[in-house]
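The values are calculated or read from the model by the stated rules, or taken from the named source; none is laboratory data. Since the model is a prediction, treat every value here as computed from it, not as a measurement. Heads up, the Cβs are rebuilt from the backbone with ideal geometry, glycines too, and the neighbour counts pull from every protein chain shown. Ligands, DNA and RNA are stripped out before the accessible areas are found, and what is left, the full protein with its side chains, is counted by its heavy atoms. Shrake-Rupley method; radii C 1.70, N 1.55, O 1.52, S 1.80 Å.
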Amino acid sequence: MSLIEIKNLHVNIEGKQILKGLNLAINPGEVHSIMGPNGSGKSTLAQVIAGNTAFEVTEGDVLLEGESLLGLSADERAVKGVFMAFQYPVEIPGVSNMIFLKAAVNAVRAARGLEELDAMDFLALVKQKITLVEMDEGLLKRSVNEGFSGGEKKRNEVFQLALLEPRFAVLDETDSGLDIDALRIVAAGVNAMRAKDRGFLVITHYQRLLNYIVPDFVHVLVDGRIVESGDKSLALHLEDKGYADWLQTEPQPASAR
Amino acid sequence: MGDTKELETARTLEAIASEKYKYGFVTDIEAESVPPGLSEDVIRLISAKKGEPDWLLEWRLKAYRHWLTMTEPTWAFIHYPPIDYQQIVYYSAPKKKGDGPKSLEEVDPQLLETYAKLGIPLNEQKALAGVAVDAVFDSVSVATTFRETLAKEGIVFCSFSEAVKTHPELVRKYLGSVVPYSDNYFATLNSAVFSDGSFCYIPKGIRCPMELSTYFRINAAQTGQFERTLIVADEGATVSYLEGCTAPMRDENQLHAAVVELVAMDNATIKYSTIQNWYPGDEEGKGGIYNFVTKRGKCAGHHSHISWTQVETGSAITWKYPSCILLGDHSVGEFYSVAMVNHFQQADTGTKMIHIGKDTSSTIVSKGISAGRGQNSYRGQVKILPGADHARNFTQCDSLLIGDKCGAHTFPYIEVKNPTAHMEHEATTSKVGEDQLFYLNQRGIDDENALSMIVNGFCKQVFRELPMEFAVEATKLLSISLEGSVG
Ligand SMILES: Nc1ncnc2c1ncn2[C@@H]1O[C@H](COP(=O)(O)OP(=O)(O)OP(=O)(O)O)[C@@H](O)[C@H]1O
Ligand SMILES: [Mg+2]
């Protein structure tokens, strides 16, 4: 059975249709990458999988191990093992990163029938996982993402990925905003998380990332649909040619109406 | 490391997020009350019941006569039907068996149980380490713990009525010295009918070895609570004082009109913390306490320091402005406040900082949280008088809105009569964002915990000022008050 399966997904936001019948299946152990022009609906897909209610699913389904996620709230999905690294991580003034992370870890543990970590055990876990992304420990004491640089925010996302050990993770442009070294470190962190029962969906604009996180499949998302799928060489092709092929054959949304 | 403590606090918060107003029970205890209504006779009766000296009765009567000439204030941003002062019971006390308790062992077990249920053990063996408690039940003080320990240092900590008997000279000297009997409608009413409260005197040079605390409980129906607290810190003395309060859930509104007076002499420090959790009324706005309170501190001596910290989550209506009169040169006044309103609660609260002495400074940090249809107003006055050279004030006033049916209002009044004054004022209003909630949800944290986390983060600056046990308590209270404000 697929780990995650997206069937004929149609999504609206504020009355505008963004996803127009998207199909995708990811098996355990696989890494898929999605590339596509700005505004094509990549983040929309990520947000819908994660359960952001601002988006309206008008048709289709999202299944985790054969079970529909659509009736579940975002936190229910999260504790089932769905994780999204945000393209734009949200700042939460006053809330200590550490307190937030501990609450998150314990929420997920509770759902897995594991006992709650106390402060000491949690700190030990943090020390172990933080090395994976080489994140500055000082960031733990600060408010969640507040005043973090773009790169620090992205590292904090991957750090959370490592702490929460989800079944399925969507990384939404986790590479953008990272310097070359950070890119390598973050990619190594993700690679360390690759496992035979875990799946990834990596959204990116740059083929470069895929040199580090080598995907099993690459999909091209244009105007709310997957228009082409292939192996990692497809990314190289895109880097070379851009999206011109599909944009020409696709009717322009404006003139279509 | 400090992280551990912070993390534990957050954990407690998670555990209690699903509680409701759990202090709403009524203790079935026989009470001795005077009939409803107010007259000179009632005042004479109260005074006689307490065996008061003539000067105090005269003071009460003077206040009462003055009160008759006054009208209820209407300037606050609060709305309520007229109060019928003749329907209120002005005195209610749990019936004493014999002469009344001389020690804790003699206190009615049912009362001890009530306080235990409220999480306030009066039994010294089980008491919170390092906190002495005076418990006020309806109109009277029922027990004070750790008195002997305190007496060794010369500290007087007892009920107000007792202080009138044992330390009349101190009471007479300071009663009304900060809040005169003619001060305002509710304070004047209190001066006429106040029943009990706490009295505390810290002698010269003494640092009070434990937190002092008064725990107020309104139990009887239709009863007003009019307690009066007086704290005097003599030269070089230091004291930290905590006040907590709860009331049963009742459909009618009950009036609480207290007065607190603080006096700090040269180099003395008084830190006064309040966790106000009077019954707020139900989801439809029915019932709840009218909390119309006058709190004022006088920094009488040079380098004296008075700090008010309040966490206001209860009451149907809160009308309260803990203030500082900065008389002594180099004296310092502080006000740290969290006021939370949900459902139909209304709060009009803030402070007054009156700078009279030279080099006086004041800090105001106000955090207002509005949810449901709650209305929250910050009203603050900073006054720099001509003689207050180099006075400083810093004011920070933040509002957090949850949902779009609530309101936040700020009414700052600034009056500067000395050109050397240095004033800073910051104000922000923010909304709990859907994106913030979603971010926390995406990490497995449910709405209720996510909201508590955001709100507690918002209040951190104030909670930091509270003694540790109270900080945990405050965190809990906020999560309870927030209930039903998401989704
Ligand atoms: N909250 C919103 N309100 C209105 N329109 C929205 C909202 N969120 C997204 N959209 C629109 O939906 C479309 C798809 O946006 P989405 O963020 O999914 O694109 P994307 O493929 O992730 O783009 P990028 O590569 O720039 O990140 C865009 O036209 C965008 O403006
Ligand atoms: Mg995007």
According to a simple spin-label model (label point 7 Å from Cα along Cα-to-Cβ), what is the distance in nm between A:GLU76 and B:ARG65?
7.1 nm
Rounded to the nearest Å, the spacing of the alpha-carbon centers of the range A:180-254 and the range A:66-85 is 23 Å
Taking amide H atoms as placed 1.01 Å from N in the peptide plane, list the residues 5 or more away in sequence, or in a different chain, whose amide H sits under 5 Å from that of B:ASP329.
B:HIS302, B:HIS303, B:LYS358
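Summed for both chains, how many Å² of accessible area, to the nearest 100, are buried between B and A with a 1.4 Å probe? Walk me through the intermediate numbers first.
Details: alone 19550 and 12130 Å², together 29010 Å².
Between B and A, the summed buried area is about 2700 Å².
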In debye to the nearest 20, the charge dipole size for chain A, taken about the Cα centre with +1 at each Lys and Arg Cβ and -1 at each Asp and Glu Cβ, equals 80 debye
Simple SL model, points at 7 angstrom along Cα→Cβ for B:GLU32 and B:THR420; separation in nm is 5.8 nm
Using R₀ = 35 Å, calculate the FRET efficiency as 1/(1 + (r/R₀)^6) where r is the Cβ-Cβ separation of B:ASP435 and A:ARG208; round to 0.05.
0.75
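Please compute the contact order of chain A in relative form: average sequence separation of alpha-carbon pairs under 8 Å and at least six residues apart, divided by the residue count, as a percent. Please list the in-between numbers first.
Working: 459 pairs, mean separation 68.5, N = 257.
With pairs under 8 Å counted, the relative contact order is 27 percent.
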Residues of A:85-92, mean number of Cβ from any other protein chain within 10 Å of their own Cβ, rounded to a whole number?
4
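Note down the net charge around A:LEU117, summing +1 for each Lys or Arg and -1 for each Asp or Glu among other residues with Cβ under 9 Å from its Cβ.
On the way: positive: A:LYS102, A:ARG109; negative: A:GLU115, A:GLU116, A:ASP118, A:ASP121.
Its environment carries a net charge of -2.
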Order B:LEU401, B:LEU327 by their accessible area, 1.4 angstrom probe, all chains in place, largest first.
B:LEU327, B:LEU401
Per-residue average of Cβ from other chains inside 10 Å of A:45-53:
2
Mean projected area (nm²) from the convex hull of Cα positions in chain A is 14.0 nm²
Tally of Lys pairs whose C-alpha atoms are under 22 Å apart, taken over the range A:52-211, 8 or more apart or cross-chain
17
Heavy-atom surface of the range A:38-191, accessible at 1.4 Å and reported per residue (Å²)
37 Å²
Residue-span extension gain [A:HIS237 to A:MET193] - 0.36 nm each, minus C-alpha spacing:
13.1 nm
Longer than 23 Å from Cα to Cα, which of B:LYS204/B:LYS298; B:LYS165/B:LYS352; B:LYS295/B:LYS367; B:LYS298/B:LYS352; B:LYS383/B:LYS431 are they? Say none if no pair is.
B:LYS165/B:LYS352; B:LYS383/B:LYS431
Filtering chain A for DSSP H helices with an axial alpha carbon extent of at least 18 Å and a Kyte-Doolittle mean of at least 0.5 returns A:97-111, A:119-133, A:180-193
If each residue of separation counts as 0.36 nm, what is the full-extension length gain between B:TYR185 and B:ARG172 once their alpha-carbon separation is subtracted?
2.5 nm
How many Cβ atoms of partner chains, on average, are near each residue of A:118-127 if near means within 10 Å of its Cβ?
3
In nm, give the distance between the simple-model label positions of A:GLN17 and B:ASP41, each being 7 Å from the Cα along the Cα-to-Cβ direction.
8.3 nm
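Which of the peptides B:255-262, A:209-216, A:159-166 is most tightly packed, and how do the rest follow, judged by the mean count of other Cβ atoms within 10 Å per residue? Intermediate values should be presented prior to the final figure.
Details: B:255-262: 25.5, A:209-216: 18.8, A:159-166: 21.9.
Top of the packing list down: B:255-262, A:159-166, A:209-216.
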In the full protein assembly as shown, how much of A:ILE13 is accessible to a 1.4 Å probe, in Å² to the nearest 10?
50 Å²
